[in-house]
Amino acid sequence: MTPAEGTSAAASDPAPQPAPAAPRFGPGERVRVRDDWPERRGPCHIRTPHYLRGRVGTVQRLLGRFANPEELAFGHPAPARALYHVLFEQPPIWHEGHPGDEVLVELFEHWLEPDGTAKRSA
């Protein structure tokens, strides 16, 4: 058979995957960490720190797209999700520290929602 008949090398290649969605957030955007507690609903593997749930931070940068470890921990298929560096002011989190103290955390996009406040320069 000829390539025109459907036997080209490309015919054995895996099916193309849909393009990943564009990142939802950009540098400088204010985001709120979802105030969700899936561990109350049953066994789970959570990578989002408890002390940040419900807190507002500022996206510093997109780190890339990675398989979600919350799914991988249970052997489930784990589509790639956007992972961000998000910066939080430290004093409101632990009620100590000094103005300007900050905490930089890696958070997956599905844990973030828009805060609705104006952008801050990154």
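The values are calculated or read from the model by the stated rules, or taken from the named source; none is laboratory data. Bear in mind that the values here come from a model prediction, so they are computed numbers and not experimental data. Please note: Cβ atoms are built from the backbone with ideal geometry, for glycine as well, and neighbour counts cover all protein chains shown.
With the structure loaded, tell me whether ARG30 is at pLDDT 90 or above and surrounded by 10 or more Cβ atoms within 10 Å (Cβ to Cβ) or whether it fails that test.
Details: at pLDDT 90 or above: yes; surrounded by 10 or more Cβ atoms within 10 Å (Cβ to Cβ): yes.
So ARG30 passes the test.
Sort out which residues of segment 22-35 are free of Cβ contacts under 8 Å to residues at least 40 places away in the same chain and either in contact with a helix residue (DSSP H, G or I) (Cβ under 9 Å, 6 or more places away or on another chain) or small (Gly, Ala, Ser) (or both), and write them in order of number. Break it down stepwise before answering.
To start, the set of residues in segment 22-35 that are free of Cβ contacts under 8 Å to residues at least 40 places away in the same chain comprises 22, 26, 35.
Across segment 22-35, the qualifying residues are ALA22, GLY26.
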